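So the structure is just underneath, and the comments pick up after that.
The values are calculated or read from the model by the stated rules, or taken from the named source; none is laboratory data. Quick caveat, the model's predicted, so the values are computed rather than measured. Here the Cβ positions follow ideal geometry from the backbone for every residue, glycine too, while neighbour counts run over all protein chains shown. For accessibility, only protein heavy atoms count, side chains too; no ligands or nucleic acids. Shrake-Rupley method; radii C 1.70, N 1.55, O 1.52, S 1.80 Å.
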Amino acid sequence: QVHVAESGGGSVQPGGSLRLSCVASPVFFSRDTTAWYRQAPGESRELVAQIMSGGVTNYADSVKGRFTISRDLAKNTVSLQMDSLKPEDTATYYCFVKQWGLSYWGQGTQVTVSS
């Protein structure tokens, strides 16, 4: 059983930055897939960025060049640095961990981009 908890959401003006963090306990491994998804009101949940086995990263086209996913295995954390935020980035962001074939989700953290 893995417990996943996000933090770092909030409100920011367009062009601003936010950093989301996720702690997975008790531990996750380099072979696990860790990712950030988001869901806007009335929309389906979509993949934002992920780190797979071996550190391979993958980003949604809409965030390439603006968002950076990283993880610290020693601290069991996964982070999402979000720069040049746009109103369309407004959503609830969820941290995801897949370990031993099982999927775990955090409770979500709200990001609002508005002037």
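Annotations
- All conditions in (1) modelled with pLDDT of 95 or more; (2) exposed (fewer than 15 other Cβ atoms within 10 Å of the Cβ); (3) within 16 Å of the chain's Cα centre (by Cα) hold for Asp72, with the sole exception of (1).
- Residue selected from region 13-49 under the condition more than 11 Å from the chain's Cα centre (by Cα) and crowded, with 18+ Cβ neighbours inside 10 Å, by the criterion nearest to Gln81 (Cα to Cα): Leu18
- Residue in region 57-65 that is touching a helix residue (DSSP H, G or I) at 6+ places or on another chain (Cβ under 8 Å) and either open to solvent by 70 Å² or more (accessible area, probe 1.4 Å) or in a loop (DSSP other than H, G, I, E, B) (or both) present: yes
- Condition met for Ser84 (open to solvent by 30 Å² or more (accessible area, probe 1.4 Å) and of a type in the set (Ser, Thr, Tyr)): yes
- Each residue in region 93-115 was checked for being under 13 Å from Pro41 (Cβ atoms) and either open to solvent by less than 30 Å² (accessible area, probe 1.4 Å) or hydrophobic (A, V, I, L, M, F, W, C) (or both), and 2 pass.
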